[in-house]
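**Student:** This structure is in structure tokens; I'll ask about it shortly.
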4 protein chains.
Amino acid sequence: MRPVIGIGMVGYAFMGRTHSQAWRSVDAFFDLPFKPAMVAVAGRSAEATAQAAEKLGWAHAETDWKRLLERDDVQIVDICTPGDSHAEIAIAALAAGKHVLCEKPLANTVAEAEAMAAAAKEAAARGVRSMVAFNYRRVPAVALARRFVEEGRLGEIRHVRAQYLQDWIVDPEFPLVWRLQKDKAGSGALGDIGAHIIDTAEFITGQRLTGVSAMTETFVKERPLAVSSAGLSAGGGAGTGPVTVDDAALFIGRLSGGALASFEATRFATGHKNALRIEVNGSLGSLSFDFEAMNELWFHDHTIGSAEHGFRRVQVTEPDHPYAGAWWPPGHGLGYEHTFVHETKDFLEAIAAGTDPVPSFEDGLRVQRVLAAVEQSAAEGSRFTTVEDS
Amino acid sequence: MRPVIGIGMVGYAFMGRTHSQAWRSVDAFFDLPFKPAMVAVAGRSAEATAQAAEKLGWAHAETDWKRLLERDDVQIVDICTPGDSHAEIAIAALAAGKHVLCEKPLANTVAEAEAMAAAAKEAAARGVRSMVAFNYRRVPAVALARRFVEEGRLGEIRHVRAQYLQDWIVDPEFPLVWRLQKDKAGSGALGDIGAHIIDTAEFITGQRLTGVSAMTETFVKERPLAVSSAGLSAGGGAGTGPVTVDDAALFIGRLSGGALASFEATRFATGHKNALRIEVNGSLGSLSFDFEAMNELWFHDHTIGSAEHGFRRVQVTEPDHPYAGAWWPPGHGLGYEHTFVHETKDFLEAIAAGTDPVPSFEDGLRVQRVLAAVEQSAAEGSRFTTVEDS
Amino acid sequence: MRPVIGIGMVGYAFMGRTHSQAWRSVDAFFDLPFKPAMVAVAGRSAEATAQAAEKLGWAHAETDWKRLLERDDVQIVDICTPGDSHAEIAIAALAAGKHVLCEKPLANTVAEAEAMAAAAKEAAARGVRSMVAFNYRRVPAVALARRFVEEGRLGEIRHVRAQYLQDWIVDPEFPLVWRLQKDKAGSGALGDIGAHIIDTAEFITGQRLTGVSAMTETFVKERPLAVSSAGLSAGGGAGTGPVTVDDAALFIGRLSGGALASFEATRFATGHKNALRIEVNGSLGSLSFDFEAMNELWFHDHTIGSAEHGFRRVQVTEPDHPYAGAWWPPGHGLGYEHTFVHETKDFLEAIAAGTDPVPSFEDGLRVQRVLAAVEQSAAEGSRFTTVEDS
Amino acid sequence: MRPVIGIGMVGYAFMGRTHSQAWRSVDAFFDLPFKPAMVAVAGRSAEATAQAAEKLGWAHAETDWKRLLERDDVQIVDICTPGDSHAEIAIAALAAGKHVLCEKPLANTVAEAEAMAAAAKEAAARGVRSMVAFNYRRVPAVALARRFVEEGRLGEIRHVRAQYLQDWIVDPEFPLVWRLQKDKAGSGALGDIGAHIIDTAEFITGQRLTGVSAMTETFVKERPLAVSSAGLSAGGGAGTGPVTVDDAALFIGRLSGGALASFEATRFATGHKNALRIEVNGSLGSLSFDFEAMNELWFHDHTIGSAEHGFRRVQVTEPDHPYAGAWWPPGHGLGYEHTFVHETKDFLEAIAAGTDPVPSFEDGLRVQRVLAAVEQSAAEGSRFTTVEDS
């Protein structure tokens, strides 16, 4: 019999639903060292939290996340709240000896992220593990992209172009939800989705952004105050309020291996819903990915004869592809939530193996430092700004 | 508190895993009239069935499917076995007052399917429901295609071209698994995947195939006997044995509304993994779908100005798309198993509403009659063969 | 100095414009054995033919095609008229010692085609060459497809699926032009565009269709009579008249090498403008082509590791691709008329080399026999009909 | 009878071949105010120029471009030489009363471009016309994109992302051709292909780049000296020499209407041959174009119901599309050289109408100023650099 490992989750909105589905599913598809138990979910409202527990399959509901830290049947704390609460919860949970899985971005400021990374380092010395939830690393196609780069299939990398394109606030009547408020969200498109493409680009290339030149813009500067509702609300009322985060962020930069990179994160790319796109060009080949077709990786092998050159559409659903063998036969694609299943699987395996899972809080801090460099460059006439060494 | 409804599943191989994930997930995403309980799974081997129960999340394991019929805590029997056992299990379950969800094809012969449809009709009079699991109807994009046709967006339908292309037995060394044996599988590509495109074409168009002209072929006539293993094995040993089913089936036909249709089902379409493709052309517009990009429906609206004509790639992930609103934000795609979640949801709702779910056993019989007409035409020099009226 | 070779063209409508552009351009891009001279164009109306000569760049205008045969400065007769006049013109031209390039389909009946093939054979013995203008063989991507098959890259061919999809007569108010009249056009979609996919399928595979099972349909049975106008008119007036050709033809068949094939030619595939599509699946790889993206060939190589499997989009614009090196740098695509340039180039080279160009009139007769078998099968309840041996 | 207008062309390499095909073809497809006559081509080598004249269809060959200015039968001078000679030839030709069509980039420096624009302005007052050959404006799909923006279909433009991706110098053994030498080419990818995406972005949006932040890079710093050959040679010999231009240029910027834009021009995007790509996102819709599929424009209309949202693939081959009606039926695509045919057609029409054709030398100067701002920003730590007002 495998040991049971208990999970306590904080927050039950969009991310909480996603993580719940991961914890619920992972054991049926992977051979895990632990049997995961969905012990308790924590939220502020007793009634709403109880409803969420029933709906999402958690055995208990708590109205204070600190209660999770006190429970002996909880070994993992899974943080699915907005970024302004990450540091407090994560540091306390690690101090209480709980392994921590924390949603991204790791924090709203570099200072918070530094404190979290320090706490994670100290906890790791005690065998307590932590991981930041950059789930897109666990798209099979993205993991395969990483494998191709690691195997040298791309040669020397010259270009990365990454975009994260959404359009959900194109309508100026869309309300002033928490994600549009700097005190809650830290930043706008930059931290919410720009963080993902920074992490994905560094993950696939195995290189680091050394400096950036950036611009940001807020296209719609005032929005209607939102009526409170789960997950999105600004705690509003009537009238309008100022949007205090960026709607879009563009930046170009250099990677540690000599490549040039361009990034764009926006919520105003009309017609694009969740287009996390990344292309990598190397001296021997190229890769292209778009999350809107998440089961595909496009690969160009430049070492074969030019009469056969061409980007090929690899359906990343074969048994010898990352994660894919655990699921369905070839050609039977996966969906968004599977990335979270893979995340929980890797996290559990690292805990069992006594190794530090990736991406670590240190990796989350890295991304935070890039975000800070972007904001600084944008504030200083786009001048090239070195990313602080982590 | 909602009433609990207990499920008993027969078979735990590929289809059993898929259905299990559906039963496990459906309650977290849809507002259901019942709380589904995964009561028991039945299989022949005590040890393997117990392992499957633990892995897939079933509370009990039974070594005889008849035990499920005796259990008071089971109200639904979910049949995930090969086609040769469907009739016996389904008829007995319906007689025992259990609602039945049965994998496709409904049966291996028209006679069995007729008996099942008769049993289903009789059971329906007693309030006992049945449904055949043509899961591809529940791909959001396919359901949207049906909606567009129903709304008249395509006008008069002139053409359907449907293909189901796989390549998993291209290698002549692939063993003689049960799906390649007529006594187990009924037919080859025809019944396994051809059945899906027949149902999908009739579902989307709302029309029926009235007659067909067909050819079938077995490209590799002898294969190595398989070593026994779960789900695939032929009970073999050493040596080779004859492939007794079709490797590919092609047919053209006419639909009740006057359209021409072509169909192709093959396991020798090298490079295609699970390409269930269907295109529909009408006087006012057209649709195109490929399961390998299952979150997309391509739609051409011919009523707008020709300067703007063009197939558009609709990402079927919007709140106003079928099923999609229950899941993730736009652009966050679903995967293969979600079609089964939708199936169980619709089945539970129909049971609660006291209505007959679709596709019914009668619909399954329809498809069986088309399959029979295809085989008859192929055997008689491809002559046009009328599909028997159901 | 190269010798001059004089061209005389019959007909100056759509095909005449296309061929004129080919004769005008070919010498600037290819190293030809002759310098082609656009000597004369023949048509019935003196005024219209003179205008066409001026517009299309022909030195002289003739009002009787027989005058071209009498001219000493004409060595090639290029036939761009409707199919009902091909036999008479071609046979007379060959008898007069003129090389003949004849538009497809070769003729409107098998009998005419047989007479033409016989005349071509007799002429070839005298060093007089003939060629039927299946221009799609000269799309670089199609020629590359043929090369891949010849080189064995696809292995044993199992499947061909070919479609030629247009939508230009979806509107029932579209008039009764000559292409919709059996006496002028021979057949409808079948002979006009079906002929192309038959030739393309046989060309790429190097195999012959041995038999077919077919259906045809005329969706719109009466159309407005057309007011006379160049190229399309029915010699009409007011009122409506019967459409006497097929709107669509579907057939399945067998190739001499054992492959199954399906074909569809239709002018009612709403949203498709000129989609000549063909896919070929073999034991070692697959190919896919769509003329609407004519500079691309999709190739799947099944001999590499499955982790890298996938159809690749080969841009057929490289120097080592057929024809492409004569034009522009890689990635600078060609258009429709370039296929005709390649045709004239190959024709001139064959004349100079004293070899018989392909596709020959015999090849044109072949296609005619397949068309006849399709019509016969459609008339006889779709029964499998052997293609008469040529 | 229409008046004849005589053309004299300078240079006969890649661009000269392209322009020759345009002058040869334009009269057969468009109703022109003049009958164009290909009078003379000028080059330095008597023998090579004579060969080019024969091959490309020019009546005379001149070994000094100044001779073209003296010819009475030449009314248009078409400049197809490298950028370092544009200013001298164009200014002299305009002074001689010849209309001038000049390849892009207009010049190698802002100072030269200013002198040319001044000369053009002065000439225009005398009825002498000039035009810079940004041919991609004349891709039908690009012209349609412009039309959609003009008609307000995109609403307020928020984003432009433009890339021009090639890979022809990825191999470090590719020789040091003139395009890699600053004194001949002015700059590298920036001026050669970056110029095109700047012009295309400003053309489609109708807005101007107001400032940029940039990076450039030369990945391969030494290359083998080239053996002299037409069009590419560096006048070399043995050994290697320094690459003195950029291999790649990235920049982000702001448009006069408030949009953010990103640009990337590179010759190291392995697998991309001639991918001029541009996407435009507006409040009401979006557009996407890739020259590698030049007959397609992807259009998203955000004003229709979200259930039908999606980028549609408009085949820009309809009679009501820009330029397309003059060619072939719908679905019969055009190729690279057609853009030059359209260019000559528009140029001739403007001359006849007595209006100034676009893009003007002033437009060419504009692009030159953007290029200068890019180089300045790249040299000054990527700081935001205002584009000098023209």
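Taken together, the values in this text are just the output of simple stated rules run on the coordinates, not laboratory data. This structure is a prediction, so every number in the text was calculated from the model and none was measured. Positions of Cβ are generated from backbone atoms using ideal geometry, with glycine treated the same way; all protein chains shown enter the neighbour counts.
**Student:** Using the Karplus curve 6.51 cos²θ - 1.76 cosθ + 1.60 with θ = phi - 60°, what ³J(HN,Hα) values do you get for each residue of the stretch D:98-108, in whole Hz, with x for Gly and Pro?
**Tutor:** 8, 5, 10, 10, 10, 4, 9, x, 3, 8, 8
**Student:** Dipole size in debye (nearest 20) for the protein assembly as shown around its Cα centre, Lys and Arg Cβ +1, Asp and Glu Cβ -1?
**Tutor:** Magnitude of the dipole: close to 0 debye.
**Student:** Would you give the gap between the C-alpha center of the stretch D:275-347 and the C-alpha center of the stretch B:47-69, rounded to a whole Å?
**Tutor:** Value for the Cα centre distance between the two parts: 58 Å.
**Student:** Which Rg and Dmax, in Å, describe the Cα atoms of the stretch B:1-81?
**Tutor:** Values for the stretch B:1-81 (Cα only, Rg and Dmax): 11.9, 37 Å.
**Student:** Using the Cα centre of chain C as the reference point, and only Cβ charges (+1 on K/R, -1 on D/E), how large is the resulting charge dipole? Debye, rounded to the nearest 20. Mind dumping the intermediate values first?
**Tutor:** On the way: 37 positive and 50 negative charges, 34 e Å.
For chain C, the charge dipole is close to 160 debye.
**Student:** Listed here are the pairs D:98/D:182; C:55/C:98; A:35/B:98; D:35/D:55; C:184/C:221; which of them are more than 27 Å apart at the Cα?
**Tutor:** D:98/D:182; A:35/B:98
**Student:** How far is residue D:284 from the same spot in each other copy, in nm, shortest first, if each label point sits 7 Å from Cα toward Cβ?
**Tutor:** So the label point of residue D:284 gives 2.5, 5.1, 5.6 nm to the other copies.
**Student:** Related question: With +1 on each Lys and Arg Cβ and -1 on each Asp and Glu Cβ, how big is the dipole of the stretch C:4-135 about its Cα centre, in debye rounded to the nearest 20?
**Tutor:** 200
**Student:** By what distance, in whole Å, do the Cα atoms of the protein assembly as shown stretch along each of the three principal axes, largest value first?
**Tutor:** If we take the Cα atoms of the protein assembly as shown, the spans are 98, 80, 61 Å.
**Student:** Quick one: Debye curve from the alpha-carbon atoms of chain A only, equal weights, vacuum; give me log10 I(q)/I(0) at q = 0.12, 0.14 Å⁻¹ to two decimals.
**Tutor:** Taken in order of the listed q values, log10 I(q)/I(0) reads -0.96, -1.31.
**Student:** Taking a label point 7 Å from the Cα of residue D:95 along the Cα→Cβ vector, which residues of the stretch D:323-359 have an amide N closer than 16 Å to it?
**Tutor:** none
**Student:** When each copy gets a label point 7 Å from Cα toward the beta-carbon at residue A:3, what are the spacings between them in nm, shortest first?
**Tutor:** In nanometres, ordered from closest: 4.4, 9.3, 9.5.
**Student:** Further question on the same structure: Kirkwood-based Rg over Rh for the stretch D:4-135 (C-alpha set), two decimals?
**Tutor:** 0.95
**Student:** Oh, and also: Distance in whole Å from the B-onto-A rotation axis to the closest C-beta of chain B, together with the residue it belongs to, please.
**Tutor:** Axis relating chain B to chain A; nearest Cβ residue and distance: B:335, 2.
**Student:** Something else now. Using a label position 7 Å from Cα in the Cα→Cβ direction, what is the ascending list of nm distances from residue D:354 to the same site in the other copies?
**Tutor:** 6.4, 8.7, 9.3
**Student:** Moving on to the next point. Taking the Cβ-Cβ separation of residue C:349 and residue B:358 as r and a Förster radius of 56 Å, what is the calculated FRET efficiency to the nearest 0.05?
**Tutor:** Numbers: r = 63 Å, r/R0 = 1.12.
That gives a FRET efficiency of 0.35.
**Student:** Let me ask something additional. What list of ³J(HN,Hα) couplings, whole Hz, do you get for the stretch B:318-331 from phi and the Karplus terms 6.51, -1.76, 1.60, once you set θ to phi - 60° and write x for glycine and proline?
**Tutor:** Couplings: 8, x, 8, 9, x, 6, 5, x, 6, 9, 10, x, x, x Hz.
**Student:** Here is a follow-up. What is the sum of charges around residue C:58, taking Lys and Arg as +1, Asp and Glu as -1, for the other residues whose C-beta is under 14 Å from the C-beta of residue C:58?
**Tutor:** So the surrounding residues net to 0.
**Student:** Taking θ as phi - 60°, what are the ³J(HN,Hα) couplings along the stretch B:55-72 by the Karplus curve (6.51, -1.76, 1.60), each to the nearest whole Hz, with x for Gly and Pro?
**Tutor:** After applying 6.51 cos²θ - 1.76 cosθ + 1.60, I find 5, 8, x, 9, 5, 10, 10, 10, 9, 9, 5, 5, 4, 4, 5, 8, 6, 6 Hz.
**Student:** Shielding of A:169-181 by partners, i.e. mean partner chain Cβ atoms within 10 Å per residue?
**Tutor:** 1
**Student:** OK, next. Would you mind ranking C:160, C:4 so that the residue whose beta carbon has the fewest other beta carbons within 10 Å leads the list?
**Tutor:** Sorted ascending by nearby Cβ count, the order is C:4, C:160.
**Student:** Using helices alone, I'd like the mean residue ellipticity at 222 nm for chain A: each DSSP H run of four-plus residues gives -39500 (n - 2.57), total over residue count, nearest 500.
**Tutor:** Result for chain A: -9500 deg cm²/dmol, rounded to the nearest 500.
**Student:** May I ask you to sort A:220, A:41, D:245 by Cβ crowding, counting other Cβ atoms within 10 Å and putting the fewest first?
**Tutor:** Least crowded to most crowded, the residues run A:220, D:245, A:41.
**Student:** Can I ask one more? Could you pull out every residue, at least 5 positions away or on a different chain, whose amide H is within less than 5 Å of the one on residue D:100? Hs are placed 1.01 Å off N in the peptide plane, and Pro or chain starts have none.
**Tutor:** D:77, D:129, D:130, D:131
**Student:** Something else now. When a footprinting reagent is the concern and you count Cβ atoms within 10 Å, what order do A:210, A:303, A:270, A:240 take, fewest first?
**Tutor:** A:303, A:240, A:210, A:270
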